[in-house]
1. Among the residues of the range 37-55, write down those that are among the hydrophobic types (A, V, I, L, M, F, W, C), farther than 17 Å from Ser83 by Cβ, touching a residue at least 24 places away in the same chain (Cβ under 8 Å) and out of contact with any His (no Cβ under 9 Å at 6 or more places or on another chain).
2. Taking the range 164-191 as the search range and keeping residues that are without any contact (Cβ under 8 Å) to a residue 40 or more places away in the chain and among the hydrophobic types (A, V, I, L, M, F, W, C), which one is surrounded by the most Cβ atoms within 10 Å (Cβ to Cβ)?
3. Go through (1) open to solvent by 40 Å² or more (accessible area, probe 1.4 Å); (2) in contact with an Asp or Glu (Cβ under 9 Å, 6 or more places away or on another chain) and name the single condition Pro150 misses.
4. Quick check on my filter: what residues within the range 232-291 are among the charged types (D, E, K, R), more than 26 Å from the chain's Cα centre (by Cα) and open to solvent by less than 50 Å² (accessible area, probe 1.4 Å)?
5. For the range 153-163, enumerate the residues that are under 17 Å from Ala125 (Cα atoms) and open to solvent by less than 10 Å² (accessible area, probe 1.4 Å).
6. I need every pair where a residue in the range 250-268 that is under 11 Å from Met225 (Cα atoms) and among the acidic types (Asp, Glu) has its Cβ under 8 Å from the Cβ of a residue that is open to solvent by less than 50 Å² (accessible area, probe 1.4 Å) and not in a helix (DSSP H, G or I), sequence separation at least 6 or different chains.
7. I'd like the residue in the range 1-16 that is in a loop (DSSP other than H, G, I, E, B) and in contact with a Ser or Thr (Cβ under 8 Å, 6 or more places away or on another chain) and, out of all such residues, is nearest to Thr106 (Cα to Cα).
Amino acid sequence: MPHPERLIVIVLFDRVDLLDITGPPEVFALLQREMDEPCGYQVLLAAETLEPVTTAAGVRVLPDIRLDSLQHQAIDTLIVPGSVEMDAKGRVQALADPAVVQWVQTLSDQSRRVASVCVGAHILAAAGLLEGKQATTHWSTAAQLAQDHPDIRVDADRIYIQQGRIWTGAGLTTCLDLALALVAEDFGNTLAMRVARQLVMFLKRTGGQSQFSVMLEPLSSTRRMEDLRQYIAQNLGQPLSMADLAEQMHVSDRQLARIFKTELGMTPAAYLEAARVEAARQQLEATDASLDQVAETCGFNTTDTLHRAFRRQLGTTPGQYRSRFRTPAE
């Protein structure tokens with residue numbers, strides 16, 4: 001059954017960053033490719049007039065609709081991009097045009113969800129949508145955001161932050177990360193992961209100004225390997241010895257090792273540990289299960305083994321990971 005219509009509005013204005021407005025629609029379009037039925041997303045680029053808007057890259061973009069035509073219309077997601085200028089000392093300064101701020105204030109009241117991309121957080125802040133909240137923005141303007149709006153808890157080391165219905169994203173390319181997170185909220189991690197694979201990127205990336213997570217697992221080129229991976233995912237709580245996996249694939253232990261090396265570039269044992277850490281990570285993010293329960297259901301058996309695997313894979317402990325990434329119940 002088709003999903004209900006979800007109107008996504010991206011605000012356009014002169015000197016807007018081009019990737020901020022083209023990245024999210026690409027993610028939503030790839031989502032549709034991965035689904036067997038209409039996802040329900042309708043993306044509209046909205047500006048004050050229907051005249052072409054010149055972006056910071058010099059590329060002109062044609063709006064779909066005027067902002068005033070959206071008044072009183074239900075919006076699922078309002079996406080607010082950003083723009084910058086260089087001051088006399090060569091420093092990057094985020095801009096928040098009063099007219100754009102006013103439109104964001106108006107349309108946010110009609111929106112189920114509001115998300116800023118990169119320095120678009122400064123527009124949300126000026127519109128009063130981040131007051132008392134935690135937020136992120138591009139690292140180069142984080143100090144400006146904190147200085148201009150001391151009531152906002154600015155975290156410049158995050159890819160994106162969700163505070164209820166308000167989302168803020170970090171740098172330019174992280175518009176893709178943010179859009180993937182919105183897809184995951186609407187349709188779940190499995191579909192979001194499939195879109196991430198098409199983009200050849202992390203579902204959640206590692207490194208600075210980021211949340212960290214395990215890497216996007218590599219795609220295999222054969223159906224039998226994909227079938228085995230599905231079998232592993234469904235039986236992580238079992239011992240799953242080399243002999244078990246080889247039998248499942250109808251090959252010898254030695255052949256199994258060669259196949260894993262060729263297809264995935266790792267040993268069966270390394271893949272098993274990565275898959276178990278991924279499953280444990282998801283439980284730590286989304287449930288209140290104890291570490292003993294997580295260890296058992298993910299096949300680690302003991303919390304000591306779970307701790308050692310997290311140290312190897314993520315450089316942290318399960319408890320530290322949960323304290324940072326546990327999604328609070330709303």
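1. Taking the range 37-55 first, the residues among the hydrophobic types (A, V, I, L, M, F, W, C) are 39, 43-47, 50, 53.
Those left that are additionally farther than 17 Å from Ser83 by Cβ: 39, 43-44, 50.
Next, only the ones that are touching a residue at least 24 places away in the same chain (Cβ under 8 Å) stay: 39, 43-44.
Residues satisfying the conditions are Val43, Leu44.
2. The residue in question is Ala181.
3. The one condition Pro150 does not meet is (2).
4. So in the range 232-291, the residues among the charged types (D, E, K, R) come out as 244, 247, 253-254, 258, 261, 263, 273, 276, 278, 281, 285, 288.
Within this subset, residues satisfying the condition of being more than 26 Å from the chain's Cα centre (by Cα) are 244, 247, 253-254, 258, 261, 263.
Of everything in the range 232-291, just one residue is among the charged types (D, E, K, R), more than 26 Å from the chain's Cα centre (by Cα) and open to solvent by less than 50 Å² (accessible area, probe 1.4 Å), namely Glu263.
5. Matches in the range 153-163: Ile161 only.
6. Going by the 8 Å Cβ cut-off, the qualifying pairs are Glu263/Ser220; Glu263/Thr222.
7. As a first pass, look at the range 1-16 and keep what is in a loop (DSSP other than H, G, I, E, B): 1-5, 12-16.
Applying the additional criterion that residues be in contact with a Ser or Thr (Cβ under 8 Å, 6 or more places away or on another chain) yields 13-16.
Details: Phe13: 16, Asp14: 19, Arg15: 22, Val16: 20 Å.
Residue satisfying both the conditions and the ranking: Phe13.
A quick yes/no check of all residues on (1) farther than 26 Å from Arg6 by Cα; (2) in contact with a Leu (Cβ under 8 Å, 6 or more places away or on another chain); (3) of a type in the set (Asp, Glu):
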| site | (1), (2), (3) |
| --- | --- |
| Leu78 | no, yes, no |
| Gly82 | no, yes, no |
| Ala88 | yes, no, no |
| Gln93 | yes, no, no |
| Leu107 | no, yes, no |
| Ser116 | no, yes, no |
| His122 | no, yes, no |
| His138 | yes, yes, no |
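The values are calculated or read from the model by the stated rules, or taken from the named source; none is laboratory data. Bear in mind that the values here come from a model prediction, so they are computed numbers and not experimental data. FYI the Cβ positions are ideal-geometry reconstructions off the backbone, even for glycines, and counts take in every protein chain you see. Heavy atoms of the whole protein, side chains included, go into the accessibility calculation; ligands, DNA and RNA do not. Shrake-Rupley method; radii C 1.70, N 1.55, O 1.52, S 1.80 Å.
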